[in-house]
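Undergrad: Structure provided below as structure tokens; questions to follow.
The values are calculated or read from the model by the stated rules, or taken from the named source; none is laboratory data. Because the structure is a prediction, the values reported are computed rather than measured. We place every Cβ from the backbone using ideal geometry, glycine too, and count neighbours over all the protein chains shown.
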Amino acid sequence: MTRTIAKDTVSKSGETVKLNGWVHARRDMGKVTFLDLRDRSGLIQVVLVPSCLDEASKDLVKDIRPEFVLEIEGEVKDRDEKTINDNIETGKIEVLANTVVIQNPAKTPPFEIDKDTSVVNEEVRMKYRYLDLRSERMQKNMRLRYNVNRIMREFLHEEGFTEIETPLLTKGTPEGAREYIVPSRLHPGQFYVLPQSPQQFKQLSMVAGFERYFQFARCLRDEDQRGDRQPEFTQCDLEMSFVTREDVMDLVSRLMEKVVKEATPEKKIAQVPFPILTYAEAMEKYGSDKPDLRKDKNDPNEIAFCWIVDFPMFETLEDGTLQAMHHPFCSIHPEDKEKFMKGEDIMNIRANAYDLACNGYEIWGGSIRIHERDVQNRVFELLGLDSELIQSKFGHMLEAFEYGAPPHGGIASGQDRVVMVLANEPNIREVIPYPKDGNAKDHMMDAPSELPDKALREANIQIRK
Ligand code: ASP
């Protein structure tokens, strides 16, 4: 007999079915035992009555405990009016079992999977992530994540984008964070850098003539784990040729409207079209470049987007050095270009950059880029790079701009944050399948961890004591 998943039993009253799944809960009522069996589609009630079970199955019943994996054959029956359970999709029926096979027993889990696991110690949840993920809320969050990605991918496909994979083993790209480095075995003393974002590759894909690129990109940043950060996170990363910032903002506005409508139809967007504020206005009015514009912050279904534009191009770090606020590939606001080329009033020069904020989080950020060699070179110079360093770090970009680089711009989402907001979760770890803790540790895999001497020697690594 082929397997039936729980939710499909609803239309099979009177038929015999085979179910596979996990024991979610067990209730003993005298001679009769009720099981809630859980599979990917939800829960179904199974009734174990000794007189209906074959001999082998009868003996097993006493052993069955939560999280055992079972195969059950039985008849789908309509429930009595009085025992209908409106809380589950299969609440109008139940399965009266004839045979029960234990496909795998289970130890008692370290926490209860049929309860809300958000209150459980987080280190324990992370160590047993595969159990935490079985819980209803986490299953829902992962499916929401998948749905959001799917809707975005379909939308971008319809809009003529090509999904392009870019390398993980590459060279540094400045996005303001420390980079993870990977020693090269074949080139002793040399290193790859894991990308903070595919920024350079997506711009080079515009030089390559794709005009519309996107990718669900993993980004890696070796930062101290301030607040709700993860060493690796996901972006929906995109780039477009021959566009203005209004074109990019319009595309992402339509994309987010579609995502909210289809993935979380219970939510209401506060204002469409999304309001647009300059960085200066946002800072003056709200003291933040990601203001929370919800009217009722206690309404879990209110979503308030707002665009922030005209960010300063440069900022100064604590040690006084000049840094690009977004990254050095942002183009200069047309009104400020003359000042920029003359090197005047640098701190008031605006970038052609834009962010989309949502309920107080920055969820997308991007810019129209520089596509001319001399302008890009000028930014690097202002950032204090000498010509030798510019050549060794970015020579390939500058050269590419000399081979007919089209005007282009793009943007990237903080995909984990997008899903977090839509799931009404307080942090991104609740929507990342296998996150790391605040010290960048993976408790389930026990990573990072030491390596045997042989592996280190092959990678040309000597550990400094
Ligand atoms: N690469 C940028 C980032 O990671 C996004 C962009 O400018 O498109 O924030």
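Undergrad: Just name the residue that is farthest from G410 (Cα to Cα) out of those in segment 211-234 that are buried (at least 22 other Cβ atoms within 10 Å of the Cβ) and near the ligand (Cβ under 10 Å from one of its atoms).
TA: This residue is C219.
Undergrad: Of the residues that make up segment 259-277, is at least one in contact (Cβ under 8 Å) with a residue 12 or more places away in the chain, within 23 Å of H408 (Cα to Cα) and in a helix (DSSP H, G or I)?
TA: Checked segment 259-277: no residue is in contact (Cβ under 8 Å) with a residue 12 or more places away in the chain, within 23 Å of H408 (Cα to Cα) and in a helix (DSSP H, G or I).
Undergrad: Among the residues of segment 133-171, write down those that are in contact with a Lys or Arg (Cβ under 9 Å, 6 or more places away or on another chain), assigned to a loop (DSSP other than H, G, I, E, B) and either within 16 Å of the ligand (Cβ to nearest atom) or closer than 30 Å to A459 by Cα (or both).
TA: F161, I164, T166, L168, K171, listed by residue number.
Undergrad: Taking the condition within 16 Å of the ligand (Cβ to nearest atom) and either touching a strand residue (DSSP E or B) at 6+ places or on another chain (Cβ under 9 Å) or not in a loop (DSSP other than H, G, I, E, B) (or both), does G410 pass?
TA: Details: within 16 Å of the ligand (Cβ to nearest atom): yes; either touching a strand residue (DSSP E or B) at 6+ places or on another chain (Cβ under 9 Å) or not in a loop (DSSP other than H, G, I, E, B) (or both): yes.
It is true that G410 is within 16 Å of the ligand (Cβ to nearest atom) and either touching a strand residue (DSSP E or B) at 6+ places or on another chain (Cβ under 9 Å) or not in a loop (DSSP other than H, G, I, E, B) (or both).
Undergrad: Further question on the same structure: Out of segment 296-354, which residues are more than 16 Å from the ligand (Cβ to nearest atom) and small (G, A, S)?
TA: A304, G320, G343
Undergrad: Restricting attention to segment 69-87, report how many residues are touching a Ser or Thr at 6+ places or on another chain (Cβ under 9 Å) and aliphatic (A, V, I, L, M).
TA: Count: 2.
Undergrad: Give the residues of segment 366-393 that are modelled with pLDDT of 95 or more and touching a Gly at 6+ places or on another chain (Cβ under 8 Å), sorted by residue number.
TA: G366, S367, I368, R369
Undergrad: Next question, about the same structure. Quick one: in segment 356-405, which of the residues that are within 16 Å of the ligand (Cβ to nearest atom) and among the hydroxyl-bearing types (S, T, Y) is nearest to M325 (Cα to Cα)?
TA: Checking each candidate, the answer is S367.
Undergrad: All but one of (1) buried (at least 16 other Cβ atoms within 10 Å of the Cβ); (2) closer than 28 Å to E372 by Cβ; (3) away from the ligand (no atom under 15 Å from the Cβ) hold for E246, so report the exception by its number.
TA: Evaluating E246 over (1) buried (at least 16 other Cβ atoms within 10 Å of the Cβ); (2) closer than 28 Å to E372 by Cβ; (3) away from the ligand (no atom under 15 Å from the Cβ) leaves (1) as the failure.
Undergrad: Considering L133, L53, which residue is hydrophobic (A, V, I, L, M, F, W, C) and closer than 21 Å to T4 by Cα? I'd like the intermediate steps shown before the answer.
TA: Values: L133 fails: closer than 21 Å to T4 by Cα.
One residue alone meets the criteria, L53.
Undergrad: Select, from P174, P198, the only residue that is closer than 21 Å to Q235 by Cα, modelled with pLDDT of 95 or more and either within 16 Å of the ligand (Cβ to nearest atom) or surrounded by fewer than 16 Cβ atoms within 10 Å (Cβ to Cβ) (or both). Talk me through it step by step, then tell me what you get.
TA: On the way: P174 fails: modelled with pLDDT of 95 or more.
Testing whether each residue is closer than 21 Å to Q235 by Cα, modelled with pLDDT of 95 or more and either within 16 Å of the ligand (Cβ to nearest atom) or surrounded by fewer than 16 Cβ atoms within 10 Å (Cβ to Cβ) (or both) leaves just P198.
Undergrad: While we're here: Might you check whether a residue that is aliphatic (A, V, I, L, M) and in a strand (DSSP E or B) occurs anywhere in segment 278-295? Give the steps one after another, and end with the answer.
TA: Of the residues in segment 278-295, the ones aliphatic (A, V, I, L, M) are 280, 282-283, 293.
Add one more test, that the residue is in a strand (DSSP E or B), and what stays is none.
No: zero hits.
Undergrad: On to the next question. Being on the phi < 0 side of the Ramachandran plot, surrounded by fewer than 19 Cβ atoms within 10 Å (Cβ to Cβ) and β-branched (V, I, T), is that true of even one residue in segment 421-444?
TA: no
Undergrad: If I go through segment 413-432 residue by residue, how many of them are within 14 Å of the ligand (Cβ to nearest atom) and more than 14 Å from D228 (Cα to Cα)? Don't jump to the end; show me each part of the working.
TA: First pass over segment 413-432, keeping only residues within 14 Å of the ligand (Cβ to nearest atom): 413-418.
Those still in the list that are more than 14 Å from D228 (Cα to Cα) too: 413.
The qualifying residues number 1.
Undergrad: Please verify whether A208 is surrounded by fewer than 18 Cβ atoms within 10 Å (Cβ to Cβ), under 21 Å from the mean Cα position of the chain (by Cα) and among the aliphatic types (A, V, I, L, M), treating the condition exactly as stated.
TA: On the way: surrounded by fewer than 18 Cβ atoms within 10 Å (Cβ to Cβ): yes; under 21 Å from the mean Cα position of the chain (by Cα): no; among the aliphatic types (A, V, I, L, M): yes.
Against the criterion (surrounded by fewer than 18 Cβ atoms within 10 Å (Cβ to Cβ), under 21 Å from the mean Cα position of the chain (by Cα) and among the aliphatic types (A, V, I, L, M)), A208 does not qualify.
Undergrad: Further question on the same structure: Search segment 316-331 for residues being surrounded by 14 or more Cβ atoms within 10 Å (Cβ to Cβ) and part of a strand (DSSP E or B), and hand back the single one that is modelled with the highest pLDDT.
TA: C330
Yes/no matrix, rows are residues, columns are (1) of a type in the set (F, W, Y); (2) in contact with a Leu (Cβ under 9 Å, 6 or more places away or on another chain); (3) surrounded by 21 or more Cβ atoms within 10 Å (Cβ to Cβ); (4) part of a loop (DSSP other than H, G, I, E, B):
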| residue | (1), (2), (3), (4) |
| --- | --- |
| D355 | no, no, yes, no |
| E362 | no, yes, no, no |
| V375 | no, no, no, no |
| L385 | no, no, no, yes |
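Undergrad: Name the pairs: first residue in segment 80-103 and in contact (Cβ under 8 Å) with a residue 12 or more places away in the chain and within 20 Å of D8 (Cα to Cα), second residue acidic (D, E) and assigned to a strand (DSSP E or B), Cβ to Cβ under 6 Å, at least 6 apart or on different chains?
TA: Taking only residues 6 or more apart or on different chains, the pairs are I93/D78; L96/E75; N98/E73; T99/E73.
Undergrad: If you go through segment 305-337, how many residues are within 30 Å of K267 (Cα to Cα) and among the polar types (S, T, N, Q)?
TA: Step one: of segment 305-337, the residues within 30 Å of K267 (Cα to Cα) are 305-311.
This time we only want the ones that are among the polar types (S, T, N, Q), so: none.
Of the residues in that region, 0 qualify.
Undergrad: Yes or no: segment 3-18 includes at least one residue that is at pLDDT 95 or above, buried (at least 19 other Cβ atoms within 10 Å of the Cβ), part of a strand (DSSP E or B) and in contact with a Leu (Cβ under 8 Å, 6 or more places away or on another chain).
TA: First, the residues of segment 3-18 that are at pLDDT 95 or above: 3-18.
From what is left, the residues that are buried (at least 19 other Cβ atoms within 10 Å of the Cβ) are 4, 6, 9, 17.
Next cut, part of a strand (DSSP E or B) only: 17.
Now restrict to residues that are in contact with a Leu (Cβ under 8 Å, 6 or more places away or on another chain): none.
The answer is no; no qualifying residue exists.
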